[in-house]
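Quick notes on the structure that follows.
The values are calculated or read from the model by the stated rules, or taken from the named source; none is laboratory data. All figures in this text were calculated on a predicted structure; none of them were measured in a lab. Methodologically, a virtual Cβ is constructed for each residue, glycine included, from the backbone with ideal geometry; neighbour enumeration extends over all protein chains shown. These area figures cover heavy atoms from the full protein model, side chains too; ligands, DNA and RNA do not enter into them. Shrake-Rupley method; radii C 1.70, N 1.55, O 1.52, S 1.80 Å.
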Amino acid sequence: MADAKADIGVIGMGTMGANLALNIAEKGFKVAVQNRTAEKAFAVKDDNPELADNIFPAESLEDFVKSLKTPRVAIFMVPAGKPVDDEMEKIRPLLEEGDVMVDAGNADFNDTVRRSQAVEGTGLKFIGMGVSGGELGARHGPSIMVGGAKDSYPLIEPVLTKIAAKYKDEPCVAWLGPDGAGHFVKTIHNGIEYADMQMIAEIYGIMRDGLKLEPSKMAEIFRDWNTRELASYLIEITAVNLDEIDPKTDKPMVEVIVDEAGQKGTGRWAVIEAEKLGVGATTLEAAVAARGLSSRRAERADAAKLYDKVEAGQPQFFADEPGLSELESALVTAKIIAYAQGYAAMAAASDENSWNLPLGTIAEIWRAGCIIRSHFLDDIAKAYDKGHTVVNILQSPDFVGRVAKGQSALRRVVAKASLAGIPVPALSAALAYFDDYRRERGTANLIQAQRDLFGAHTFHRFDTDGAVHHKWPAV
Ligand code: NAP
């Protein structure tokens, strides 16, 4: 089969690239693979003899390109940023009109817009594609958010449809809009993921410091919650995390893990982009900030000593049925608010960039494969599927009742945690956002007065059209 050509190629045989290539090969496509360190590409074939017939490792980029069917599709799965630009630079002279470059890494969508513009008029095509689900997702079915050259999407759609995760037989992949649309949606996905994880961690904090529960008991509670509204991958893995015992010490694994959270930047990008769009995604911000503070462990230890005399109240949390239901309901409600913020950022970005993002479809392709997968996303998909405009998830008839019902639990949990000195930054951000969002008469009138006094920035009056300036007393 020396003349056989590959259907598609993957450059970068790291964790994600190798697993994506194996997924493609397993679904019956022939996949060319290439890596900066060539041995890794050959190892992917050698280590997977059952799929070897479908894997075409290449020694060089030239061999890689020659082994692809035309029009060629080359997927980059290398670290975001310069490595993508470098690989594009190297492969471009080897490609021909109609060939497609696909960046499947976690790119900053601004880079994807720039790269899309750079290939315009060259005959080459560029697709920016977010892939979620980590290593296992890449291998067995990720959620795939595609943006960029729509006319080239049919070239990769058959492969993506086969390799994507399935939610009730529906593939979790879609073309979402031009240039940076796919990577923007992936960025917001990651921002929501940060908020979701942080809020779960805050509830864990209440269980540990307020209820004094053992991790195995917490695991039981999370497993129970996983049978209802909160049912999701993140709740499921949290129960697994809490149940695990460290083989070295026989202690619960979570107790031997240092409380410093890592981050690769996508959550921060989501927050920055939301702010740029004037849509403060405050639960996402709280989550990013909490990870930042978590990594200043020595500084926190010093502060703990400085404030060790500060008395917080006694925790008023109870591990009985009403107490646990209250925590569950608070988490559900805060989660709805966090998703509403992520969706508001996507809606604003869609307007700003004229992407026409299909928000309902996004919820659909997040229902399986990705880290935030859950049945709850099916509820969001349904809310967008009713043919009426959803201004904000918090105004969707499907969610108004749920939030109105759950807000009192969220309020009580945030209040009790604050009184007991247990930090719940994302849960309280959700509550504050909700209260601010539903308040008709806000307090920005005072800010406008201040701005007008010190900077003559003008303001609007209820009884006059147009901006006016007031002559304030000199200060
Ligand atoms: P990884 O395991 O670190 O692998 C990176 C690969 O890129 C390696 O094959 C490496 O080649 C190659 N590479 C590194 N620098 C390069 C350069 N300057 N030029 C050319 N090739 C270079 O990374 P990964 O986890 O697979 O991540 C790949 C992309 O997927 C990233 O954008 C990441 O953010 C995204 N992503 C990752 C996950 C995840 O769970 N890991 C999930 C979703 C998305 P060598 O073997 O020669 O070093």
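Points worth noting:
- Mean separation of Cα contacts under 8 Å, 6 or more apart, over the residue count of the chain: relative contact order %: 13
- Per residue, the convex hull around the alpha carbon atoms of segment 226-382 comes to 179 Å³.
- Placing +1 on the Cβ of every Lys and Arg and -1 on the Cβ of every Asp and Glu, with nothing else charged, gives the chain a dipole about its Cα centre of roughly 840 debye.
- Grouping the Cα pair distances of segment 1-58 into 10 Å bins from zero gives a pair-distance distribution of 28, 62, 9 percent in increasing distance order.
- Under 11 Å, Cβ to Cβ, from GLU321 - net charge with Lys/Arg +1 and Asp/Glu -1: -4
- Computed Rg/Rh of segment 342-475, alpha carbon atoms with Kirkwood Rh: 1.09
- Here the chain exposes an accessible surface that is 53 percent carbon and sulfur, computed with a 1.4 Å probe and the other protein chains kept in place.
- Per residue, segment 103-204 exposes 32 Å² of solvent-accessible protein surface, assessed with a 1.4 angstrom probe and all protein chains in place.
- Partner lysines for LYS45 [C-alpha distance under 25 Å; skip if fewer than 8 residues away on the same chain]: LYS5, LYS27, LYS30, LYS66, LYS69, LYS90, LYS162
- Rg and Dmax of segment 62-214, Cα atoms only, in Å: 18.4, 64
- Column: log10 I(q)/I(0), Debye, Cα scatterers of segment 249-328, q = 0.13, 0.14, 0.26 Å⁻¹: -0.75, -0.85, -1.05
- Of the residues ALA319, ALA274, SER329, the one whose Cα sits farthest towards the positive end of the charge dipole of segment 230-339 is ALA274 (charges of +1 on Lys and Arg Cβ, -1 on Asp and Glu Cβ, taken about the Cα centre).
- Estimated inter-spin distance, GLU260 and ASP463, nm [label 7 Å along Cα→Cβ]: 6.1
- Most to least accessible of ILE237, ILE206 (protein chains only, probe 1.4 Å): ILE237, ILE206
- Solvent exposure of segment 7-69 amounts to 42 Å² per residue of accessible area, where only protein heavy atoms count and the probe is 1.4 Å.
- Full-stretch length increase - ASP224, GLU440 - with 0.36 nm per residue and alpha-carbon distance subtracted: 73.9 nm
- Debye intensity ratio I(q)/I(0), log10, the chain, q values 0.10, 0.11 Å⁻¹ (C-alpha model): -0.83, -0.97
- Per residue, the convex hull spanned by the alpha carbons of segment 383-428 comes to 65 Å³.
- Ordering GLU89, GLU193 by accessible surface, largest first, gives GLU89, GLU193; the 1.4 Å probe counts only protein heavy atoms, with every chain in place.
- Listed residues THR70, THR238 arranged by accessible area, highest first, probe 1.4 Å: THR70, THR238
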